[in-house]
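Here is the structure we will look at.
The values are calculated or read from the model by the stated rules, or taken from the named source; none is laboratory data. Keep in mind that this is a model prediction, so the values were computed, not measured. Ideal geometry is used to build each Cβ from the backbone, glycine not excepted, and the neighbour counts take in all protein chains shown. SASA here: full protein model, heavy atoms, side chains in, ligands and nucleic acids out. Shrake-Rupley method; radii C 1.70, N 1.55, O 1.52, S 1.80 Å.
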Amino acid sequence: MTSDIAAILAIDGIASGAIYVLIAIGFVLIFAVTRVIFVPFGDIAAFTGLTLAALETKQLPGTMGLVALLALLATAMQISADLRAGAAKAIPYTLLFYLGLPLVPVLLMWLAAGAALAMPVRIALSLLLILPISPLLDRIVFRPIADASVLLLLTVAMALHFALVGLGLLFFGPEGVRTQPLTDASLEVAGMLVSLQTFMIVASAVLFSGLLYAFFGYTITGKALRATAVNRTGARLVGIRPARAGTIAYLLASVLAGISGILISPVTTIFYDSGFLFGLRAFVGAIIGAMVSYPITALGAVLVGLLESFASFWSSAFKEVIVFSFLIPVLLWRSLTVGEAEDEAEE
């Protein structure tokens with residue numbers, strides 16, 4: 001391997017790692033606030049790319065029906081809960097939050113059907129349509145079992161992933177798609193031509209990581225989410241509602257998943273079931289950060305991207321094996337360093 005090839009692989013690995021950073025941070029964000037390992041996170045990212053591809057071909061994306069169905073189910077469940085709790089006055093708020101707001105992007109998408117939309121409009125519509133999916137799934141699937149064990153929540157998350165994969169096949173079909181590049185421009189760096197899209201991917205990861213840092217460090221809502229992550233009971237005692245914190249966490253994670261899907265769909269072919277591998281690679285980065293540390297998670301995700309890039313060069317057929325085998329020493333190290341302390345804390 002020459003230095004030029006190594007540099008090209010490093011750039012490709014950093015670009016892939018930057019996308020995994022966004023997904024991995026989403027994993028950590030949801031787990032810290034709700035204790036849910038949100039396995040369908042990668043599916044949400046893949047659905048964003050597939051939705052964008054459908055708009056490019058002037059078709060109605062199947063995610064419209066998914067959002068409408070989830071909105072109806074969540075509204076019915078929340079109204080039932082309001083009535084059982086004797087809080088009938090909350091029903092108008094429920095109708096607005098769980099039914100009205102999610103149906104707005106569905107209506108916009110329906111009105112825009114068949115029109116030749118500019119790329120920024122297509123991206124904005126795709127993101128708007130994806131945003132409600134995670135909070136609605138939280139209300140329907142995870143909130144009723146919020147106090148269950150982490151293992152049960154993980155099992156339910158796996159079941160939800162397989163359900164979404166089936167719906168993805170129904171909505172988008174088995175054919176893979178690749179969206180139009182965000183830009184065709186290139187820049188010369190150290191004698192090499194680097195796509196401007198690569199810079200945009202890395203810049204997006206840095207930008208959204210910085211925004212999350214500012215959100216958690218300097219806003220009341222961000223500090224409330226941090227308090228919920230540290231101690232749910234204590235947060236409840238000081239007036240923070242864990243359910244509301246969970247909804248905000250899922251909404252932020254939807255933004256990260258949507259951005260990841262937009263960035264990754266021009267550089268790789270997206271299938272209805274591609275989300276699982278995206279999520280699994282990012283999950284390796286989240287495990288490196290022990291599902292609690294955002295900076296270490298980001299570094300771990302970039303490391304996964306670099307490992308995947310160089311593994312593709314040396315042995316493309318075994319690149320997934322090499323990447324996921326990296327989990328073994330990490331898990332062994334984690335089990336030897338923090339496992340005993342966590343067990344003691346639970347006791």
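The rule of thumb for compact globular proteins, 2.2 N^0.38 Å, goes into the C-alpha radius of gyration of the range 60-112 1.27 times.
Rg/Rh, computed from the Cα trace of the range 53-183 with Rh as the Kirkwood radius, has the value 1.03. Rolling a 1.4 Å probe over the protein heavy atoms gives the range 83-199 an accessible area of 56 Å² per residue.
Taken about its Cα centre, the chain carries a charge dipole of about 1120 debye when Lys and Arg each add +1 at the Cβ and Asp and Glu each add -1 at the Cβ. Protection proxy ranking of 310-319, 159-168, 13-22, 245-254, by the mean of other Cβ atoms within 10 Å over each peptide's residues and highest first, is 13-22, 245-254, 159-168, 310-319. The accessible surface of the chain, taken with every protein chain in place and a 1.4 Å probe, is 70 percent carbon and sulfur. Taking a ≥ b ≥ c as the square roots of the eigenvalues of the Cα gyration tensor of the range 132-258, is the shape rounded (a/c under 1.5), prolate (a/b larger than b/c) or oblate? Taking the square roots of the gyration eigenvalues as a ≥ b ≥ c, the range 132-258 is oblate.
Relative intensity of the range 209-347 on a log10 scale, I(q)/I(0) at q = 0.12, 0.13 Å⁻¹, equals -0.64, -0.75, per a Debye sum over C-alpha point scatterers of equal strength in the absence of solvent.
Placing unit charges on each Cβ (+1 for Lys and Arg, -1 for Asp and Glu) gives the range 1-134 a dipole about its Cα centre, and among T94, L55, A124 the Cα reaching farthest toward its positive end belongs to T94. Bridging of K223 to lysines at a Cα separation below 30 Å is possible for K89, once same-chain residues fewer than 8 apart are set aside.
Taking all C-alpha pairs of the chain, those more than 33 Å from each other amount to 28 percent. The mean sequence separation of alpha-carbon pairs under 8 Å and at least six residues apart, normalised by the residue count of the chain, gives a relative contact order of 36 percent.
Projecting the Cα positions of T268, I288, F162 onto the charge dipole of the chain (unit charges on Cβ atoms of Lys, Arg, Asp and Glu, taken about the Cα centre) puts F162 furthest along the positive direction. Between amide H atoms placed 1.01 Å from N, distances below 5 Å from S186 occur with L196, all of them 5 or more places distant or on a separate chain. Here the extension length gained between A90 and L152 equals 19.3 nm, from 0.36 nm per residue of separation less the Cα-Cα distance.
To the nearest 0.05, how large is the calculated FRET efficiency for L83 and V121 if R₀ is 30 Å and r is the Cβ-Cβ distance? E(calc), rounded to 0.05, equals 0.15.
Spin-label model, Q180/V292: points 7 Å from Cα along the beta carbon direction are separated by 4.7 nm.
In the chain, the calculated helix contribution to ellipticity at 222 nm averages -23500 deg cm²/dmol per residue, counting -39,500 (n - 2.57) for every DSSP H run with n ≥ 4. The alpha carbon gyration tensor of the range 1-60 gives principal lengths a ≥ b ≥ c with a/c of 1.5 or higher and a/b no greater than b/c, which makes the shape oblate.
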